[in-house]
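Here the structure comes first, spelled out in structure tokens, and everything after it is commentary.
Coordinate-derived values only; no laboratory data. Given the structure is predicted, the values throughout are model-derived calculations rather than measurements. Note that each Cβ is placed from the backbone with ideal geometry, even for glycine, and that neighbours are counted across all protein chains shown.
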Amino acid sequence: MDISVIVPLLNEVESIRELTDWIKKVMDENKFTYEIIMVDDGSKDGSFEEIDRLIEANPNIKGIKFRRNYGKSAALNVGFEHCNGDVVITMDADLQDSPDEIPELYKMIKDDGFDLVSGWKKVRYDSKLAKNIPSKLFNATTRMMSGIKLHDFNCGLKAYKKDVVKSIEVYGEMHRYIPVIAKWAGFSNIGEKVVKHRKRAHGTSKFGMNRFINGYLDLISIMFVSKFSKKPMHFFGAVGSIMFFIGILAAVILGIQKIIAICNGIPMRRIADTTYFYISLVSIAIGIQLFLTGFLAELIGRNSPTRNSYIIEKEKNF
């Protein structure tokens with residue numbers, strides 16, 4: 001099969017028939033073999049009943065319904081688990097992503113050799129204050145921290161090699177960082193394509209301002225897990241050691257100052273009465289705790305069934 005199109009949706013009953021008809025038209029014109037996987041994330045407006053009717057008319061459409069709303073990441077992840085196409089396309093169900101972009105995205109994966117291609121909505125029709133400005137700040141921060149030069153990490157329109165989606169797991173609200181997750185899984189050939197952004201035709205936006213706060217927290221989480229999940233001692237041990245030696249150094253300096261004061265007959269408060277003594281004591285305690293945290297995490301990691309998880313791309317003459 002050439003292409004799997006995964007469409008996560010929530011209360012988009014007015015849009016999904018038009019979207020699937022548009023996707024079918026593009027696929028037929030380009031003679032692609034395809035499947036459309038509609039993942040209903042707990043809709044309450046009859047979206048899955050509409051998907052049922054669409055499946056009767058087009059056997060290339062498949063439907064998955066969650067019992068309740070789990071979020072876009074869960075919807076994408078289950079779509080990745082069920083897809084069979086050589087190239088996987090993800091797009092939103094609100095008709096703001098154009099299926100006309102699919103042939104070029106397919107070409108960039110199959111012919112140009114990209115592992116992942118992310119859409120860039122260079123011209124947007126969203127509210128500038130509510131979405132555009134925060135989105136620019138969010139993307140700039142993600143570029144700086146991840147080293148991936150994309151303009152629009154959160155664009156729903158993306159294309160992937162099948163190997164990519166079968167090698168990664170998306171959970172929580174990590175769908176914003178799929179390019180980062182893919183990079184840390186070893187798929188570093190990540191491209192970008194300017195795509196057309198359309199105004200929402202039906203329904204209401206699922207956008208909320210809390211996604212920017214959650215987004216930055218998720219970015220910190222994914223960067224930490226990606227770098228240190230297999231070697232926690234490198235982080236906790238290093239930070240703990242620094243804290244410990246700062247505390248010891250401060251205590252030594254206080255001791256030397258006290259000895260000098262005694263030798264020269266200079267009146268000086270007891271060391272235990274100074275603020276710096278307690279700062280050094282807390283620093284030593286925190287350092288020991290962090291070091292032990294790293295040590296325990298390392299022991300847990302060594303007993304984890306995924307301690308040696310890796311992906312073999314090719315084997316030859318083995």
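A few points about this structure:
- Between Tyr171 and Glu298, the contour length at 0.36 nm per residue exceeds the alpha carbon distance by 43.3 nm.
- The spacing between region 255-301 and region 62-128, judged by their C-alpha centroids, is 54 Å.
- Region 99-196: antiparallel DSSP beta bridges as a percent of all, rounded to 5: 40 percent
- With the simple model of a label 7 Å out from the Cα in the direction of the Cβ, Ala238 to Arg53 spans 5.8 nm.
- The Ile279 and Ile220 beta-carbon pair, evaluated with R₀ = 22 Å, returns a calculated FRET efficiency of approximately 0.25.
- Relative contact order for region 12-61: 49 percent, from Cα pairs under 8 Å spaced at least 6 residues apart, divided by residue count.
- Packing rank of 236-245, 83-92, where each peptide gets the mean count of other beta carbons within 10 Å, highest leading: 83-92, 236-245
- Inter-label distance, nm, simple model (7 Å from Cα along the C-beta direction), Asn69/Ile288: 4.8 nm
- Estimated FRET transfer efficiency when R0 is 30 angstrom, pair Thr33-Ala140 (beta carbons, to 0.05): 0.15
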